[in-house]
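Following: one structure in structure tokens, then a few remarks.
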Amino acid sequence: MICIKIINPKRIIMSEYPLKIQVDTRESRAHVAEYLQKNTEVELTFQHLPIADYAVNDSFLFERKTLPDLVASIKDGRVFKQACCLAAAPQRGIIILEGSSACLRKSNMHRAAIQGLLIKISVFLNIPVLRAKDAEESARLILYTVRQSQKLTGSVNNHTRHFPHKRPKAKQKTQQFILQGIPGIGPSRAKALLNYFGSVEAIFSANAEELSAVSGINQTISNTICWAVKEPEVGLARFKHSAENATQYDD
């Protein structure tokens, strides 16, 4: 495991300030915002965010999940939809997993299910997954990420130069790649869906009837899309017996 020493959020100095961080209203009771406010160069506002929990200077989107919430979102299928929306966004999407492995030991979810999800998110959707032990460290990771971006690009708002797969001209290809991960969706159907709805988020929010209105999308395909992004994930029990020598999820 690679360990990164992260300094106190009060000591992280931003060359461009105020650093504007929008916090989703659902995170208002979380302690992360409290720690972010300790940095005098951070300007915090609370509002409903359609994607992620924290938006930084229109450049980064951070989705924070405690480990129990991660397990719950795997079971109900919510996490994959959130990850796809992050991958399709013009901002750089990052997921922070908060908590210790002890939080997972009572979840009855096999580590293979969690590992499979993390592989999909980090390898195939190109979304970095960071680990934090608590809310204070989550706040530090947010600020530290922005600081590193400044060092690389010279600007908080100029991160795309060093992440070519996130450039606007590649956005449609990224969206098509996300959609093609759904059974029955190839390049042509992915393009047709994007041309009709305009975004991955709109596609994932549509019902089966609305999806069927797209040329080339029949009832079977529309039901498959709804199943993939909205229905609770089933069959997780098979992971419990997938490997005889598997152990509990550890740090």
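Summary of computed values
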quantity	calculated
Single condition Ile127 does not satisfy, out of (1) over 23 Å from Asn39 (Cα atoms); (2) in a helix (DSSP H, G or I); (3) of a type in the set (Val, Ile, Thr)	(2)
Selection count where residues are touching a residue at least 24 places away in the same chain (Cβ under 8 Å) and surrounded by fewer than 18 Cβ atoms within 10 Å (Cβ to Cβ), scope segment 175-199	6
Exclusive hit being under 23 Å from Ala190 (Cβ atoms) and among the hydrophobic types (A, V, I, L, M, F, W, C), set Ile51, Ile74, Ile96	Ile51
Residues located in segment 13-69, provided they are exposed (fewer than 13 other Cβ atoms within 10 Å of the Cβ), polar (S, T, N, Q) and under 15 Å from Ile142 (Cβ atoms)	Thr45
Filter result for the condition that a residue is without any contact (Cβ under 8 Å) to a residue 24 or more places away in the chain and either buried (at least 21 other Cβ atoms within 10 Å of the Cβ) or within 21 Å of Leu49 (Cβ to Cβ) (or both), over Ala83, Ala72, Ala102	Ala72
Matching entry among Ala243, Ala228, Ala202, Ala170 (being in a loop (DSSP other than H, G, I, E, B) and either modelled with pLDDT under 50 or surrounded by 12 or more Cβ atoms within 10 Å (Cβ to Cβ) (or both))	Ala243
Subset of segment 105-134 [under 18 Å from Gln175 (Cα atoms) and either buried (at least 18 other Cβ atoms within 10 Å of the Cβ) or among the aromatic types (Phe, Trp, Tyr) (or both)]	Ile121, Phe124, Leu125, Ile127
Filter result (of a type in the set (S, T, N, Q) and under 15 Å from the mean Cα position of the chain (by Cα)) within segment 60-109	Thr66, Ser73, Gln82, Gln91
Which numbered condition Ala102 misses (of (1) assigned by TED's automatic domain parsing to the domain that holds Ile51; (2) at pLDDT 85 or above; (3) farther than 20 Å from Arg78 by Cβ)	(2)
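The values are calculated or read from the model by the stated rules, or taken from the named source; none is laboratory data. Everything quoted here is computed from the prediction, not taken from an experiment. Because the Cβ atoms are built from the backbone with ideal geometry, glycine has one as well, and the counts that use them run over all protein chains shown.
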